[in-house]
Amino acid sequence: MSPLTLDAAEEIIDAVHQRARAMGKAVSAAVVDAAGFPIAVRRADGARPLTPDIARAKAYTAAIMQRPGAMLKKWQENQPVFFAQLSQLPGAALPIMATEGSLTVKKDGEVIGGLGIAGGTADEDQRIAEDVLASLGYELEFAAWGVPGTPAPSGKEA
């Protein structure tokens, strides 16, 4: 597996901020490696103070759960106690945030990190993340849990 480099993380964040500015949004973006450790976190001028922490938690979730946050929402709704306990595990560095704007960074079929964006609406954060990762050649398709190689049906996960 090739690691997600600092140069690649900064390229992603630069593209996120450019896309967000074009939408009139001030966001924070975080990129972590496959183990959830931060590579780069940047808050745009005007982004709210808590957005870097939210972006980092979103990126962490996407990396360690190996699925985009929006894909985890149904599972979290069906098993809220399980998800609450995940954030309490001794090895959990950050809360698990099953939400939009949390995308797994995948290249050549391998998870290499996570991207988190915070500062827009949930839909805006998601759209920016998807647009940026797709434009940079990262993969956006993920198999349903427990079904290797089969894309998840739209809106159904867990």
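What number of residues within segment 39-63 satisfy the criterion of being under 17 Å from residue 93 (Cβ atoms), outside any helix (DSSP H, G or I) and not small (Gly, Ala, Ser)? Walk me through how you get there before you give the answer.
So the first thing to find is which residues in segment 39-63 are under 17 Å from residue 93 (Cβ atoms), and the list is 39-41, 52-63.
Pick out the ones that are also outside any helix (DSSP H, G or I) and you get 39-41.
Next cut, not small (Gly, Ala, Ser) only: 39, 41.
Of the residues in that region, 2 qualify.
Name the residue, out of 93, 152, 98, 158, that is farther than 21 Å from residue 22 by Cβ, at pLDDT below 85, open to solvent by less than 50 Å² (accessible area, probe 1.4 Å) and out of contact with any Pro (no Cβ under 6 Å at 6 or more places or on another chain).
Numbers: 93 fails: open to solvent by less than 50 Å² (accessible area, probe 1.4 Å); 98 fails: at pLDDT below 85; 158 fails: open to solvent by less than 50 Å² (accessible area, probe 1.4 Å).
Going through 93, 152, 98, 158 in turn, just one is farther than 21 Å from residue 22 by Cβ, at pLDDT below 85, open to solvent by less than 50 Å² (accessible area, probe 1.4 Å) and out of contact with any Pro (no Cβ under 6 Å at 6 or more places or on another chain): 152.
What number goes with the only condition from (1) part of a helix (DSSP H, G or I); (2) open to solvent by less than 70 Å² (accessible area, probe 1.4 Å) that residue 127 does not pass?
The single condition residue 127 does not satisfy is (2).
If we keep just the residues of segment 77-90 that are in contact (Cβ under 8 Å) with a residue 12 or more places away in the chain and open to solvent by 60 Å² or more (accessible area, probe 1.4 Å), which is nearest to residue 38 (Cα to Cα)? Break it down into steps so the answer makes sense when it comes.
To start, the set of residues in segment 77-90 that are in contact (Cβ under 8 Å) with a residue 12 or more places away in the chain comprises 78-79, 83.
If we keep only those that are open to solvent by 60 Å² or more (accessible area, probe 1.4 Å) too, we end up with 78-79.
Working: 78: 29, 79: 28 Å.
That would be 79.
Filtering segment 140-149 down to residues that are modelled with pLDDT of 70 or more and open to solvent by 60 Å² or more (accessible area, probe 1.4 Å), which residue is nearest to residue 18 (Cα to Cα)? Talk me through it step by step, then tell me what you get.
First, pick out the residues of segment 140-149 that are modelled with pLDDT of 70 or more: 140-144.
Now restrict to residues that are open to solvent by 60 Å² or more (accessible area, probe 1.4 Å): 140-141.
Numbers: 140: 20, 141: 24 Å.
Here the residue is 140.
One line per residue, one yes/no per condition, for (1) under 23 Å from residue 14 (Cβ atoms); (2) among the charged types (D, E, K, R); (3) touching a strand residue (DSSP E or B) at 6+ places or on another chain (Cβ under 8 Å):
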residue: 80; (1), (2), (3): no, no, no
residue: 93; (1), (2), (3): no, no, no
residue: 103; (1), (2), (3): yes, no, yes
residue: 107; (1), (2), (3): yes, yes, yes
residue: 114; (1), (2), (3): yes, no, yes
residue: 119; (1), (2), (3): yes, no, yes
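Quick check on my filter: what residues within segment 42-63 are among the aliphatic types (A, V, I, L, M) and buried (at least 19 other Cβ atoms within 10 Å of the Cβ)?
Across segment 42-63, the qualifying residues are 47, 54, 55, 57, 59, 62, 63.
Criterion first (surrounded by fewer than 21 Cβ atoms within 10 Å (Cβ to Cβ), on the phi < 0 side of the Ramachandran plot and not in a helix (DSSP H, G or I)) does residue 66 satisfy it? Don't jump to the end; show me each part of the working.
Working: surrounded by fewer than 21 Cβ atoms within 10 Å (Cβ to Cβ): yes; on the phi < 0 side of the Ramachandran plot: no; not in a helix (DSSP H, G or I): yes.
Against the criterion (surrounded by fewer than 21 Cβ atoms within 10 Å (Cβ to Cβ), on the phi < 0 side of the Ramachandran plot and not in a helix (DSSP H, G or I)), residue 66 does not qualify.
Confirm whether residue 9 is of a type outside the set (Lys, Arg), within 16 Å of the chain's Cα centre (by Cα), over 19 Å from residue 93 (Cα atoms) and open to solvent by less than 70 Å² (accessible area, probe 1.4 Å). First the steps, then the outcome.
On the way: of a type outside the set (Lys, Arg): yes; within 16 Å of the chain's Cα centre (by Cα): yes; over 19 Å from residue 93 (Cα atoms): yes; open to solvent by less than 70 Å² (accessible area, probe 1.4 Å): yes.
The answer is yes for residue 9.
Give me the pairs, please: first residue somewhere in segment 22-47 and on the phi > 0 side of the Ramachandran plot, second residue anywhere and surrounded by 18 or more Cβ atoms within 10 Å (Cβ to Cβ) and among the hydrophobic types (A, V, I, L, M, F, W, C), beta-carbon distance under 6 Å, and either six or more positions apart or on two chains.
Pairs that qualify, where the first residue is on the phi > 0 side of the Ramachandran plot and the partner is surrounded by 18 or more Cβ atoms within 10 Å (Cβ to Cβ) and among the hydrophobic types (A, V, I, L, M, F, W, C), are 36/63; 36/64.
The values are calculated or read from the model by the stated rules, or taken from the named source; none is laboratory data. What you see is a predicted model, and the numbers here were worked out from it, not measured in a lab. As a convention, Cβ positions derive from the backbone with ideal geometry for all residues, glycine included, and neighbour counts pool all protein chains shown. Remember, those area values only see protein heavy atoms, side chains included, never the ligands or the DNA or RNA. Shrake-Rupley method; radii C 1.70, N 1.55, O 1.52, S 1.80 Å.
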